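**Student:** Have a look at this one before I ask anything.
The values are calculated or read from the model by the stated rules, or taken from the named source; none is laboratory data. Nothing here was measured: the structure is a model prediction, and the numbers come from that model. Note that each Cβ is placed from the backbone with ideal geometry, even for glycine, and that neighbours are counted across all protein chains shown.
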Amino acid sequence: MRSSLGFWCRLSRIMAAILLVPCVWGSTWSSAAAQAAPKGQFHLAFQRNIFMAPMFVAVEKDWIRQALAARGYELLVDQRPAGTGGVISVALASESVDIGQIGLGPAINAIARGASVKIVAGSGRAGEGFVVRSDSTVHTMKDLKGKRVSIPSKGSMQDYVLRKALAANGMRFSDVDVLIVAEADINSALLTNQVDVVSGAEPAVSNVVAAGARMIATGQDIWPDHANDVIVATTASIKERPDAVQATIDTFTRAITFVQEHASEAQEITAKATGVPIAVVRAAWRNVGWYSGARPDMASIQELGKLMLQDGIIPKPFNAQEGVDGSFTK
């Protein structure tokens, strides 16, 4: 266990160094602005994926900067490409980032391995999809027996959603041929007949559908309202700068309401932030949701922790009551 923790710490320092390179440009405010931030800088990192639509809105409308400035903080924003939750996770573990958005699986993994972080908000629910070629004989998840099914990685959310679908239809994991295919490659893997079914998160799966494929099930169909992405803060930030954490979560919650009430504008902001075509963003929108008040879904968080332990992804049991700080979303 000691050697494992040592490796985690070394990896954290390396990856945090990588993460922090672009953060210099994040501090674009004048020296006068810096002087007006008596409590110092507050570093926020998140991925450019569709789950972060509320944060794109909060940044685009300058709500998050204003909220932190009102409490005496200068905001540093680091937007990372989709799929880089692991980089943000280790930066949080090394306290190079104060608060950030990552997938639920990486968050549980970090906490279970001793990182000084806690989940403080739910940032997205569901959002996965299973897609086949338009001429496939596979029409529902009931037809998967003996088929080649891709997942992005072992222990990914798609891995566990697939397991749930198989169990619900009387199948075992061994009844399908599971292949690891990165989301960037799922379209080519499907079209070249390397797999029968591909899985991924939005907007990757809607992008494949836009190319002529067919969605047979969504994560929401299989595991309704399960947590997918979460906002995680360092325990140091929670203890020493709870007002900054609260301001961030309050602003994110405000932006969730905006996203739900002004979907068209939020979609345009998201397309601009992610570089994903607006038609794909709008198609993916139906498959993604946000929790009212950004409250973490304790049941699905605990369930995923249990599944990850059973699968050997985490080294010890995960207790959601200890790994989640729900005080910021009450």
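**Student:** In this structure, is residue 102 in a strand (DSSP E or B), among the aliphatic types (A, V, I, L, M) and modelled with pLDDT of 80 or more? Don't jump to the end; show me each part of the working.
**Tutor:** On the way: in a strand (DSSP E or B): yes; among the aliphatic types (A, V, I, L, M): yes; modelled with pLDDT of 80 or more: yes.
The answer is yes for residue 102.
Residue-wise test of (1) at pLDDT 95 or above; (2) touching a helix residue (DSSP H, G or I) at 6+ places or on another chain (Cβ under 7 Å); (3) buried (at least 20 other Cβ atoms within 10 Å of the Cβ); (4) not assigned by TED's automatic domain parsing to the domain that holds residue 110.
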| residue | (1), (2), (3), (4) |
| --- | --- |
| 285 | yes, yes, yes, no |
| 291 | no, no, no, no |
| 298 | yes, yes, no, no |
| 305 | yes, yes, yes, no |
| 310 | no, no, no, no |
| 319 | yes, no, no, no |
| 322 | yes, no, no, no |
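**Student:** From the list 57, 77, 90, exactly one residue is in contact with a helix residue (DSSP H, G or I) (Cβ under 7 Å, 6 or more places away or on another chain), surrounded by fewer than 21 Cβ atoms within 10 Å (Cβ to Cβ) and among the β-branched types (Val, Ile, Thr). Which is it? Don't jump to the end; show me each part of the working.
**Tutor:** Working: 57 fails: surrounded by fewer than 21 Cβ atoms within 10 Å (Cβ to Cβ); 90 fails: surrounded by fewer than 21 Cβ atoms within 10 Å (Cβ to Cβ).
The unique qualifying residue is 77.
**Student:** Just give me the residues in region 135-169 being without any contact (Cβ under 8 Å) to a residue 24 or more places away in the chain and either hydrophobic (A, V, I, L, M, F, W, C) or in the same structural domain as residue 83 (by TED's automatic domain parsing) (or both), in sequence order.
**Tutor:** Hit for region 135-169 is 167, nothing else.
**Student:** Which ones in region 251-266 are free of Cβ contacts under 8 Å to residues at least 60 places away in the same chain and either under 12 Å from residue 288 (Cβ atoms) or polar (S, T, N, Q) (or both)?
**Tutor:** Across region 251-266, the qualifying residues are 257, 260, 263, 264.
**Student:** Please note which helices (runs of 4 or more DSSP H) are completely contained in region 35-98 and include at least 1 residues that are assigned by TED's automatic domain parsing to the domain that holds residue 262 and of a type in the set (Ser, Thr, Tyr). Spell out how you get there, then give the answer.
**Tutor:** Numbers: elements: 53-60, 63-69, 85-93.
In region 35-98, 85-93 are the helices (runs of 4 or more DSSP H) which contain 1 or more residues that are assigned by TED's automatic domain parsing to the domain that holds residue 262 and of a type in the set (Ser, Thr, Tyr).
**Student:** Looking at region 67-82, I want the residues that are of a type in the set (S, T, N, Q) and have a partner that is buried (at least 20 other Cβ atoms within 10 Å of the Cβ) and in a strand (DSSP E or B) with Cβ atoms under 7 Å, at least 6 apart or on another chain. Which pairs are those?
**Tutor:** Matching pairs, first to second residue: 79/46.
**Student:** In contact with a Pro (Cβ under 6 Å, 6 or more places away or on another chain) and modelled with pLDDT under 95 - does that describe any residue in region 49-57? Step through it out loud before you land on a result.
**Tutor:** So the first thing to find is which residues in region 49-57 are in contact with a Pro (Cβ under 6 Å, 6 or more places away or on another chain), and the list is 50.
In the following step, the residues that additionally are modelled with pLDDT under 95 were identified as 50.
Yes, the conditions are met somewhere in region 49-57.
**Student:** Also, quick follow-up: Of all residues in region 191-246, which are in the same structural domain as residue 158 (by TED's automatic domain parsing) and of a type in the set (Lys, Arg)?
**Tutor:** Passing the criteria: only 214.
**Student:** Can you pull out every residue in region 179-194 that is farther than 23 Å from residue 48 by Cα and surrounded by 22 or more Cβ atoms within 10 Å (Cβ to Cβ)? Spell out how you get there, then give the answer.
**Tutor:** As a first pass, look at region 179-194 and keep what is farther than 23 Å from residue 48 by Cα: 179, 189-194.
Passing the criteria: only 190.
**Student:** Take the residues in region 150-186 that are under 13 Å from residue 128 (Cα atoms) and assigned to a loop (DSSP other than H, G, I, E, B); name whichever of them is modelled with the highest pLDDT.
**Tutor:** Per the criteria, the residue is 152.
**Student:** Also, I was wondering about something else. Within the bounds of region 247-266, is there any residue that is touching an Asp or Glu at 6+ places or on another chain (Cβ under 9 Å), surrounded by fewer than 23 Cβ atoms within 10 Å (Cβ to Cβ) and basic (Lys, Arg)?
**Tutor:** Among the residues of region 247-266, not one is touching an Asp or Glu at 6+ places or on another chain (Cβ under 9 Å), surrounded by fewer than 23 Cβ atoms within 10 Å (Cβ to Cβ) and basic (Lys, Arg), which makes the answer no.
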